[in-house]
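Written below as structure tokens is the structure these notes are about.
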Amino acid sequence: MKDKVNEIRISYKERIPSPFWQKINSSKDAADLLFEHWDKQTIQVHESFKVVLLNNNNKVKGIYQLSKGGITSTIIDLRILFAVVLKSLSVAIILTHNHPSGTLKASTADRQITKKIKNAAELLDIKLLDHLIIVPNGDYYSFADNGLM
């Protein structure tokens, strides 16, 4: 009897809910979409980190929450981030997290993780378009608009 070899099979089927396929033309477009889909009951309670998945025309394929943390931080696992990006066949991404405190300033940790993700994305030919910090009143801070990308 021959040993059975496990075969790896990849399949992909897009199931996009109606609010998606919106084209992102600016940081404001992204911030508006994200704030609309953020849980308003928890935005002041804990930090969450999400990624907006985009196709080649900057149309939204989906939003994936990578982590949910405490009041002042959350942990990002790059392996999970890029597993999601690659499995969804996304070619561009926008990172986002919230600051429950309402502070519209990128911390040193925010800048470091953005740089680390940008370097990894470049190796995989994935465009990191922006990193947005969203605050409870709906305002946002864009790394791209502020020259940090």
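Readers should treat all values here as calculations from the given coordinates under stated rules, not as data from a laboratory. Quick caveat, the model's predicted, so the values are computed rather than measured.
Worth a mention:
- Over 24 Å between alpha carbons, listed pairs K40/K87; K40/K116; K87/K115: K40/K87; K40/K116
- Expected 222 nm ellipticity per residue - DSSP helices of 4 or more, -39500 (n - 2.57), all of the chain, to 500: -8000 deg cm²/dmol
- With Cα atoms, 0 to 90° folded angle of helix 27-37 axis to the chain main axis: 80 degrees
- Measuring spread by the Cα atoms of the chain yields a radius of gyration and Dmax of 16.6, 66 Å.
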